1. For D116, state whether it is under 14 Å from Q40 (Cα atoms) and either charged (D, E, K, R) or in contact with a His (Cβ under 6 Å, 6 or more places away or on another chain) (or both).
2. May I ask you to list the residues in segment 88-122 that are of a type in the set (D, E) and crowded, with 16+ Cβ neighbours inside 10 Å?
3. Looking at segment 18-28, is at least one residue farther than 30 Å from E118 by Cβ, exposed (fewer than 10 other Cβ atoms within 10 Å of the Cβ) and modelled with pLDDT under 95?
4. What are the residue pairs meeting all of these: first residue in segment 127-139, first residue surrounded by 14 or more Cβ atoms within 10 Å (Cβ to Cβ), second residue part of a loop (DSSP other than H, G, I, E, B) and polar (S, T, N, Q), Cβ atoms under 6 Å, and 6 or more apart or on different chains?
5. For segment 100-113, enumerate the residues that are closer than 17 Å to L49 by Cβ, part of a strand (DSSP E or B) and aliphatic (A, V, I, L, M).
Amino acid sequence: MFTLSKLSAAFSTGRVFSFVVIMMLAALWLKPTLAQSEIQLTGTWRGTLIAAQFDPLEIVLHITAAGGKDAYSATLDIPAQFRNGLPVASISLKNNNVLLSIPTLDAEFFGSLMFDAEGVQVVALNGDWSQSGEHIPLRLERSN
């Protein structure tokens with residue numbers, strides 16, 4: 001049974017104080033989890049597609065805010081093919097994953113958000129480029 005005298009003894013020995021200090025230190029070590037609305041994807045992202053039968057191909061993705069909360073629009077450039085401003089039809093963000101649909105190329109990109117060391121800023125999108133039945137690994141890194 002827990003009595004007032006036992007509580008008093010615990011305070012006097014410093015056990016409660018030690019427990020509180022340990023809990024505070026543990027809280028400092030835990031990284032905060034970003035809410036979906038705090039994730040920032042706007043900017044320019046660059047990566048290189050490396051398919052076995054083709055030369056490496058630079059991909060440049062431009063993401064901008066599109067009016068509403070968590071709404072984005074985007075265009076895609078493929079400089080080596082002189083293709084600029086290809087529309088990205090949709091950008092879906094869910095559970096730290098992103099899905100881009102590029103119908104003019106019959107392509108999609110599905111990737112995971114990669115965060116900086118503090119777990120605050122998205123620094124890369126790491127996933128697969130899917131086109132014509134092929135899946136090619138692609139890492140898009142923030143360039144601005």
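The values are calculated or read from the model by the stated rules, or taken from the named source; none is laboratory data. It should be emphasised that the depicted structure is a prediction, and the values quoted were computed from it without experimental measurement. Quick reminder, even Gly has a Cβ in these numbers, built from the backbone with ideal geometry, and neighbours come from all protein chains shown.
1. In short, yes.
2. Listed by number, the list holds a single entry, E108.
3. Checked against the condition, which is being farther than 30 Å from E118 by Cβ, exposed (fewer than 10 other Cβ atoms within 10 Å of the Cβ) and modelled with pLDDT under 95, segment 18-28 yields no hits at all.
4. Qualifying pairs under 6 Å: none.
5. Within segment 100-113, L100, I102, A107 meet the criteria.
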